[in-house]
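Colleague: Quick one: the structure is below, and I'll ask about it shortly.
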Amino acid sequence: MERSVFGQLVVTFGTISLMAIGGANAVVPEIHRQIVEILGWMDAPTFARLFAIAQTAPGPNVMLASIVGWHVAGTGGLLVATAAMLLPSSVLALACSRGLRRFGDNRGVRIVTLALVPIALGLMLASGAVAALAADAGLFGFAITAATAFVTYRSKVNPLVPMAAGTVVYVAVWSAGLL
């Protein structure tokens, strides 16, 4: 039996939300895989544009699910994808916080919580790599992405500053016909 678009949004984002250790940005590679490669709802450059919009707009990173839902099924898709991304992980977080309050002193629980830190960081790094590759901006675009990440990591400059500078450089090089 084939699911409706709304049913597929619920299954896809509901499942992904339970893997979002480190937040919504940690699961961007899986969202990309599901939406672009498996379901074929859009191509990689469209996904990269939607990801960029979600990242530059004010609000939570979970907006990627909302924007994808809107792109796929309009306002109803936006509402369904947002709820599917928020509800399962919120219920799990509530249960975990209660469990941590009760069993937080347990050695095994402390080990698991410490082990989740590198997992979350690795997932976020993978998200950045998937977004950079999906943008398909070539070697020059990848170099700008790497430079932006480096400046953001090594300085206390607001990330929007190197992002804006990278955008200006890319547009200038593109306008000059060098790309």
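The values are calculated or read from the model by the stated rules, or taken from the named source; none is laboratory data. It should be emphasised that the depicted structure is a prediction, and the values quoted were computed from it without experimental measurement. Neighbour counts are summed over all protein chains in view; Cβ atoms, including those assigned to glycine, are modelled from backbone coordinates with ideal geometry. Protein only, heavy atoms only, side chains kept; ligands, DNA and RNA dropped before computing areas. Shrake-Rupley method; radii C 1.70, N 1.55, O 1.52, S 1.80 Å.
Colleague: Quick one: which residue in ARG154, ARG101, ARG110 is of a type in the set (Lys, Arg) and modelled with pLDDT of 90 or more?
Modeller: When all the criteria are applied, what remains is ARG154.
Colleague: Of the residues TYR170, TYR153, only one is outside the structural domain of ALA48 (by TED's automatic domain parsing) and within 20 Å of ASN25 (Cα to Cα); which?
Modeller: Exactly one residue qualifies, and that residue is TYR153.
Colleague: For the stretch 125-179, name all the residues that are among the polar types (S, T, N, Q), without any contact (Cβ under 8 Å) to a residue 60 or more places away in the chain and in a helix (DSSP H, G or I).
Modeller: THR145, THR148, THR152, THR167, SER175, listed by residue number.
Colleague: Still on this structure, please answer the following. Among the listed residues LEU86, LEU100, LEU123, LEU114, identify the single one that is within 30 Å of VAL5 (Cα to Cα) and either out of contact with any Gly (no Cβ under 7 Å at 6 or more places or on another chain) or among the hydroxyl-bearing types (Ser, Thr, Tyr) (or both).
Modeller: LEU86
Colleague: Next question, about the same structure. Tally time: how many residues in the stretch 72-90 are in contact (Cβ under 8 Å) with a residue 60 or more places away in the chain and either outside any helix (DSSP H, G or I) or open to solvent by 60 Å² or more (accessible area, probe 1.4 Å) (or both)?
Modeller: Result for the stretch 72-90: 2.
Colleague: For the stretch 148-163, give me the residue count where each residue is surrounded by 13 or more Cβ atoms within 10 Å (Cβ to Cβ) and within 20 Å of the chain's Cα centre (by Cα).
Modeller: 6
Colleague: Small (Gly, Ala, Ser), within 24 Å of ALA129 (Cα to Cα), part of a helix (DSSP H, G or I) and open to solvent by 30 Å² or more (accessible area, probe 1.4 Å) - does that describe any residue in the stretch 48-66?
Modeller: Yes, the stretch 48-66 contains a residue that is small (Gly, Ala, Ser), within 24 Å of ALA129 (Cα to Cα), part of a helix (DSSP H, G or I) and open to solvent by 30 Å² or more (accessible area, probe 1.4 Å).
Colleague: Would you check if there is a residue in the stretch 91-99 being surrounded by fewer than 18 Cβ atoms within 10 Å (Cβ to Cβ) and in contact (Cβ under 8 Å) with a residue 40 or more places away in the chain?
Modeller: Within the stretch 91-99, one or more residues are surrounded by fewer than 18 Cβ atoms within 10 Å (Cβ to Cβ) and in contact (Cβ under 8 Å) with a residue 40 or more places away in the chain.
Colleague: Let me ask something else about it. Only one of these conditions is not met by GLY104: (1) open to solvent by 40 Å² or more (accessible area, probe 1.4 Å); (2) more than 22 Å from PHE51 (Cα to Cα). Which number is it?
Modeller: So GLY104 meets the others, but not (1).
Colleague: Sticking with this one: If I ask for residues that are in contact (Cβ under 8 Å) with a residue 40 or more places away in the chain and open to solvent by 50 Å² or more (accessible area, probe 1.4 Å), which ones from the stretch 115-124 would you list?
Modeller: LEU116, ILE119, LEU121, LEU123, MET124
Colleague: Name the pairs: first residue in the stretch 26-43 and basic (Lys, Arg), second residue assigned to a helix (DSSP H, G or I), Cβ to Cβ under 9 Å, at least 6 apart or on different chains?
Modeller: From residues that are basic (Lys, Arg), the pairs are ARG33/VAL130.
Colleague: Name the residues in the stretch 27-43 that are outside any loop (DSSP other than H, G, I, E, B) and surrounded by fewer than 22 Cβ atoms within 10 Å (Cβ to Cβ), would you?
Modeller: If the condition is that a residue be outside any loop (DSSP other than H, G, I, E, B) and surrounded by fewer than 22 Cβ atoms within 10 Å (Cβ to Cβ), then PRO29, GLU30, ARG33, GLN34, VAL36, GLU37, ILE38 are the ones that fit.
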